[in-house]
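To start, the structure itself, in structure tokens.
Since every read-out is calculated from the coordinates, none of them should be taken as a lab result. Keep in mind that what you see is a predicted model, and the values were worked out from it rather than measured. FYI the Cβ positions are ideal-geometry reconstructions off the backbone, even for glycines, and counts take in every protein chain you see.
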Amino acid sequence: MRISQIIADHAATFSFEFFPPKTEDAAGVLFERARELAALRPAFVSVTYGAGGSTRDRTRDIVIRMKRELGLEAAAHLTCVGHTRDELIEILENYKAQGVENIVALRGDAPKDADQFEAHPDGLRYGSELVALIREHFGDAFGIAVAGYPEGHPETPSRLRDLDHLKQKVDAGADVVVTQLFFDNRDFFDFRDRCVLAGIDAPIVAGIMPILSRAGVMRMADLCGARLPARLLSRLQKADDDQEVANIGIDWATQQCRDLIENQVRGIHFYTLNRSGATTEIYRRLGARDSEGLEHMAES
Ligand SMILES: Cc1cc2nc3c(=O)[nH]c(=O)nc-3n(C[C@H](O)[C@H](O)[C@H](O)COP(=O)(O)OP(=O)(O)OC[C@H]3O[C@@H](n4cnc5c(N)ncnc54)[C@H](O)[C@@H]3O)c2cc1C
């Protein structure tokens, strides 16, 4: 089922993101984590797409296995990096043949050895072009989610322009927006209000990452520019060890989720980092055993 339809049918959805590991053994471990998280009955899961190499095929394999073996609605991320238009069409044809119904359509980031994103000479420059390509060649065969940036995208200093670009993606046919991770809900609420003003009517799903370690959160903040509020930073600085950092991460993310649900968020997408413990614990603290429980919270 299309993610937009699942969201329309529920008061609030709960979903998980995984990344494809580099080795076959690690892929097996990921599958076990996903099996544990499947017990929470997420509305959908998604699997990211790497900058190149063997993990790209693994994205496809994991998406298909999650759908078939775990019965999860699994969305495949796809980026424009290094691909011609024809290659993108071929990948999508394969997904369609395998019964995959949702694509997270992205431009992608520059590979590690390059300074900035360069479109393939026969490829696409922006996420909006990928959305348009999917609609042009596949009509309504896929639900399409795109990325939104509550704190703005690092390459576009003007938030207004960045929002125009998000609108282009929705106008091209995207039916869901999933946000970059953020640690201060005020950024999300303001972004959501600005989307309404800009006429972006697709449901907006909030991206939440439970902090697992100091090094991990710094790496993520470097990568995507997420702002760490002073109140969170000071708690992290005072923590004695990794276990305490992880507990603070769970506390913080739980409070974020509670506040988002109280404020009618349409969905929460967890950046699980391929672990199951923190997400399961947050779910328990929210008082929901599965997505039905989360829905009751959203309705009450
Ligand atoms: C939910 C989510 C999932 C992600 N999954 C992956 C993944 O699986 N793999 C991966 O490699 N990366 C992933 N990313 C990271 C993403 O690829 C990067 O943030 C990338 O830099 C931008 O991708 P985009 O699709 O948002 O690009 P776009 O929407 O194309 O935007 C990229 C930049 O170009 C600007 N822009 C857009 N259109 C125009 C235009 N017409 N004229 C001028 N400027 C324009 C935008 O404002 C922005 O600054 C994900 C991010 C999010 C939030």
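Below are the figures for this structure:
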item	result
GNM flexibility winner over the chain from 153, 269, 120 (Cα, springs under 10 Å)	120
Relative pair counts by distance (%), Cα atoms of segment 204-288, 5 Å bins	3, 14, 25, 27, 20, 9, 2, 0
Over the chain: helical MRE at 222 nm, DSSP H runs n ≥ 4 each giving -39500 (n - 2.57), nearest 500	-15500 deg cm²/dmol
Pairwise label distance in nanometres, residue 8 with residue 194, each label 7 Å out on the Cα-Cβ vector	2.8 nm
Sites residue 230 and residue 263 - FRET efficiency at Förster radius 25 Å, r taken between beta-carbons, to 0.05	0.65
Cβ-based net charge around residue 12, under 9 Å, with every Lys or Arg adding one and every Asp or Glu removing one	-1
Distance in nm between pseudo-label sites at residue 244 and residue 86 (7 Å out along the Cβ direction from Cα)	6.0 nm
Qualifying lysines (Cα of each under 24 Å from Cα of residue 67; at least 8 residues distant if same chain)	22, 96
The chain: angle of helix 55-70 to the longest principal axis, Cα-based, in degrees nearest 10	70 degrees
Measure of compaction for segment 1-82 (Cα Rg per 2.2 N^0.38 Å)	1.10
In degrees, nearest ten, helix 24-38 long axis to first principal axis of the chain (Cα)	60 degrees
Convex hull volume of the chain per residue (C-alpha atoms, cubic angstrom)	129 Å³
Between 0 and 90°, nearest 10: helix 159-171 axis offset from the chain longest Cα axis	60 degrees
Pair residue 136, residue 114: separation of 7 Å Cα→Cβ label points (nm)	2.0 nm
